Amino acid sequence: MKKPLEGLRIISMGQYGAGPFATLQLADLGAEVIKIEQKSTNGDVSRQVIPYAENGDSLFFQSFNRNKKSITLDIKNEKGRQIFNNLVEKSDAVFNNFRGDVPEKLGITYDQLKHINPQIVTCSLSGFGTTGSMKKEPAYDYLLQAKLGHMSLTGEPDGVPSKFGLSIIDFSTGMMAALGLMVGIFKARSTGVGSDIDVSLYDTAASVLNYLGAWHLNKGFEPERTSYSAHPTLVPSQLFPTKDGNVIVMCNKEKFFPILCECLGAPELAEDDRYKDFKQRFDNKGTLIPKLISLFEEKESDYWLEKLKGKVPIAPVNTVKEALEDPFIKERDMIVEYQHPTFGLLKMLGTPIKVKNYKPEYQAGPAMGEHNDEVLGELLNLDSDIIEALRKESVI
């Protein structure tokens with residue numbers, strides 16, 4: 001069966017996390033992603049990321065770079081640049097996640113490449129974008145969590161602000177970049193004209209403030225950290241300690257609260273005028289929440305999970321180990337396997353995008369320069385002696 005994105009070719013100058021995560025989504029669905037690495041710097045720095053790194057590869061690198069090809073190419077070298085230009089001519093897009101001012105310096109913007117391929121799409125994922133006063137500034141996930149207010153929302157009210165446990169801005173921006181890249185390619189195929197796509201960590205971190213941002217911009221709402229990871233306005237929608245752990249319960253619709261009270265053996269709470277609707281429960285949460293906590297603490301988590309299942313939204317607060325051992329994650333084909341020359345049989349998290357009647361195939365992320373001969377020889381039709389000469393001159 002033809003892969004959903006088969007026939008799509010992307011030159012990727014992505015490195016580390018956010019950029020490779022963007023092209024990973026496309027590679028898993030069949031796009032040909034040709035990763036350009038610099039031999040002089042030992043390739044993508046993520047190859048060296050500990051704790052599980054050896055032989056010029058790492059589990060970190062594998063998690064972002066499966067199903068891709070790798071070539072080594074110095075595009076600052078005249079011969080290397082010509083090879084790059086030849087690739088641009090035969091590709092749909094050029095992707096990078098450099099600092100915002102670097103693409104223009106390297107000559108990889110649309111205006112600098114359109115004479116080679118008028119339909120080429122250039123996508124830049126950077127910290128602060130390719131325009132504005134901060135485009136030269138470096139940026140990292142945790143810095144953006146701090147700068148855009150995310151950390152001010154995370155943690156207990158009497159504790160210090162906390163970062164999210166994962167690089168959530170990197171991942172979110174990677175998804176946005178994958179979407180932006182596809183928008184650019186769709187436009188190019190519709191009009192015959194390519195474009196620059198500009199996606200940044202900063203803009204993405206701002207965009208996901210979403211409804212909190214709307215509340216503040218229009219009504220001056222000042223969000224505050226809440227105890228027990230509670231929703232800022234919906235009550236009860238939060239973590240509840242149990243006899244042996246914790247659960248999350250969300251009464252995000254009015255119908256759930258009386259059902260919850262019945263299951264807790266306290267139907268009178270739903271009949272109390274102080275708790276009759278969202279507004280009353282919010283205004284009187286100081287008396288309601290302690291009562292609910294005391295009821296949840298009477299039984300184990302498994303008891304409440306079984307009691308409330310299918311009646312009120314509830315979930316266990318799992319560890320990563322428990323989450324990955326949940327049978328449902330395998331039902332959804334989210335744990336995939338492939339062979340790797342150093343690490344043996346690898347287990348990774350698969351693509352979250354399900355295309356009906358298509359089952360993705362997974363191959364190990366490439367060794368640095370593994371596809372030099374294939375890309376230069378088969379795609380660009382260079383003779384083997386020319387490729388060998390380029391190798392000796394450190395062009396590749």
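The values are calculated or read from the model by the stated rules, or taken from the named source; none is laboratory data. These figures come from a predicted structure and were not determined experimentally. Heads up, the Cβs are rebuilt from the backbone with ideal geometry, glycines too, and the neighbour counts pull from every protein chain shown. These area figures cover heavy atoms from the full protein model, side chains too; ligands, DNA and RNA do not enter into them. Shrake-Rupley method; radii C 1.70, N 1.55, O 1.52, S 1.80 Å.
Sort out which residues of the stretch 11-33 are of a type in the set (A, V, I, L, M, F, W, C), under 20 Å from ASN86 (Cβ atoms) and in contact with a helix residue (DSSP H, G or I) (Cβ under 6 Å, 6 or more places away or on another chain), and write them in order of number.
Let us first name the residues in the stretch 11-33 that are of a type in the set (A, V, I, L, M, F, W, C), namely 11, 13, 18, 21-22, 24, 26-27, 29, 31, 33.
Those still in the list that are under 20 Å from ASN86 (Cβ atoms) too: 11, 13, 31, 33.
Selection gives ILE11, VAL33.
What residue, of ILE185, ILE169, is in the same structural domain as PRO20 (by the TED database) and touching a strand residue (DSSP E or B) at 6+ places or on another chain (Cβ under 7 Å)?
Numbers: ILE169 fails: touching a strand residue (DSSP E or B) at 6+ places or on another chain (Cβ under 7 Å).
Going through ILE185, ILE169 in turn, just one is in the same structural domain as PRO20 (by the TED database) and touching a strand residue (DSSP E or B) at 6+ places or on another chain (Cβ under 7 Å): ILE185.
What pairs come up if the first residue lies in the stretch 345-365 and is in a strand (DSSP E or B), the second is aromatic (Phe, Trp, Tyr), and their beta carbons are under 8 Å apart, counting only those six or more places apart or on different chains?
Note: pairs meeting the criteria are LEU345/TYR338; LEU346/TYR338; MET348/TYR338; MET348/TYR362.
Based on what the data block shows, is ARG281 surrounded by fewer than 15 Cβ atoms within 10 Å (Cβ to Cβ) and over 35 Å from the mean Cα position of the chain (by Cα)?
For ARG281, the condition - surrounded by fewer than 15 Cβ atoms within 10 Å (Cβ to Cβ) and over 35 Å from the mean Cα position of the chain (by Cα) - is not met.
Taking the stretch 231-267, which residues are assigned to a loop (DSSP other than H, G, I, E, B) and crowded, with 18+ Cβ neighbours inside 10 Å?
Correct list: VAL235, PRO236, THR242, CYS251, LEU264.
Could you list, in sequence order, the residues of the stretch 230-250 that are at pLDDT 95 or above and hydroxyl-bearing (Ser, Thr, Tyr)?
SER237, THR242
From the list ILE293, ILE329, ILE387, ILE289, which one is surrounded by 14 or more Cβ atoms within 10 Å (Cβ to Cβ), assigned to a helix (DSSP H, G or I) and touching a Gly at 6+ places or on another chain (Cβ under 8 Å)?
None of the others qualify; the one that does is ILE387.
Do we find a residue being more than 24 Å from HIS150 (Cβ to Cβ), under 34 Å from the mean Cα position of the chain (by Cα) and small (Gly, Ala, Ser) anywhere in the stretch 259-269? Step through it out loud before you land on a result.
Initially, the stretch 259-269 is screened for residues more than 24 Å from HIS150 (Cβ to Cβ), giving 259-269.
Then drop every residue that is not under 34 Å from the mean Cα position of the chain (by Cα), which leaves none.
Within the stretch 259-269, none of the residues are more than 24 Å from HIS150 (Cβ to Cβ), under 34 Å from the mean Cα position of the chain (by Cα) and small (Gly, Ala, Ser).
Run down LYS105, LYS79, LYS114, LYS69 and say which single residue is open to solvent by 60 Å² or more (accessible area, probe 1.4 Å), touching a residue at least 40 places away in the same chain (Cβ under 8 Å), among the charged types (D, E, K, R) and under 22 Å from LEU125 (Cβ atoms).
LYS114
Output the residue which, of all residues in the stretch 183-198 that are over 23 Å from the mean Cα position of the chain (by Cα), assigned to a helix (DSSP H, G or I) and not charged (D, E, K, R), is nearest to GLU89 (Cα to Cα).
Restricting attention to the stretch 183-198, the residues satisfying the condition of being over 23 Å from the mean Cα position of the chain (by Cα) are 187-195.
When the remaining residues are screened for being assigned to a helix (DSSP H, G or I), the result is 187-191.
Next cut, not charged (D, E, K, R) only: 188, 190-191.
Numbers: ALA188: 14, SER190: 18, THR191: 17 Å.
Filtering the stretch 183-198 for residues that are over 23 Å from the mean Cα position of the chain (by Cα), assigned to a helix (DSSP H, G or I) and not charged (D, E, K, R), the one nearest to GLU89 (Cα to Cα) comes out as ALA188.
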